[in-house]
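Working notes, structure below.
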Amino acid sequence: MRKTRQKYYDFFSKWYDGFIALHATDKQGVLREILAEHTDAGPGDIVLDICTGTGAALPPLTRRVEGKGLAIGLDFSSGMLRAAGRKTTRFPQVCLVQADCERLPFRSGVFAAVTCSHAFYELKGDTQTRTLAEIRRCLDRKSGSAGM
């Protein structure tokens, strides 16, 4: 099942942004700016956007962490990450990682914030529970926040 979904998103990545543009009510991306603002991330912080898709949430997060910080976009689809790479080429502090969000390949406590702009509903059953546990594990307990 996972491989089928992964291939679907690899294929769909070519049209994803256009499809979203047709259906979205937030044409200017204001909600992603608000999401980034509510993370309370600041200069030098490391933030993670899970299920990043084509990376639409990464530019606002990058502006929050500024030059010395890092915004990591994680997705299980290589097609989505290629699209995100094209969208974020002018942001040197963006790093894209292919992995499952229920098994984050990061050490504990590394992130100041973790976001998921609108794909959490795609995670089903135990995958949601494991993903939330992974987010909790990877958040810096002193400053961490999760936004969904």
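The values are calculated or read from the model by the stated rules, or taken from the named source; none is laboratory data. Everything numeric in this text was worked out from a predicted model, so none of it was measured. Ideal geometry is used to build each Cβ from the backbone, glycine not excepted, and the neighbour counts take in all protein chains shown. We work out accessible area using only protein heavy atoms, side chains counted, and drop any ligands, DNA or RNA first. Shrake-Rupley method; radii C 1.70, N 1.55, O 1.52, S 1.80 Å.
Picking from residues in the stretch 43-54 that are of a type outside the set (Val, Ile, Thr) and modelled with pLDDT of 95 or more, the one that is surrounded by the most Cβ atoms within 10 Å (Cβ to Cβ) is ASP49. For the stretch 62-82, the candidate set comprises residues that are of a type in the set (A, V, I, L, M, F, W, C) and open to solvent by less than 10 Å² (accessible area, probe 1.4 Å); within that set, the residue that is nearest to ALA133 (Cα to Cα) is LEU74. For the stretch 25-42, the candidate set comprises residues that are open to solvent by 90 Å² or more (accessible area, probe 1.4 Å) and part of a helix (DSSP H, G or I); within that set, the residue that is modelled with the lowest pLDDT is LEU31.
Residues in the stretch 111-130 that are open to solvent by less than 30 Å² (accessible area, probe 1.4 Å) and either part of a loop (DSSP other than H, G, I, E, B) or in contact with a Lys or Arg (Cβ under 7 Å, 6 or more places away or on another chain) (or both): ALA112, CYS116, ALA119, LEU123.
Taken over the stretch 56-81, residues that are in a loop (DSSP other than H, G, I, E, B) and more than 19 Å from GLU102 (Cα to Cα) amount to 6. Close Cβ contacts (under 9 Å, 6 or more residues apart or on different chains) running from residues in the stretch 87-106 that are of a type in the set (Ser, Thr, Tyr) to residues that are open to solvent by 40 Å² or more (accessible area, probe 1.4 Å) comprise THR88/LEU96.
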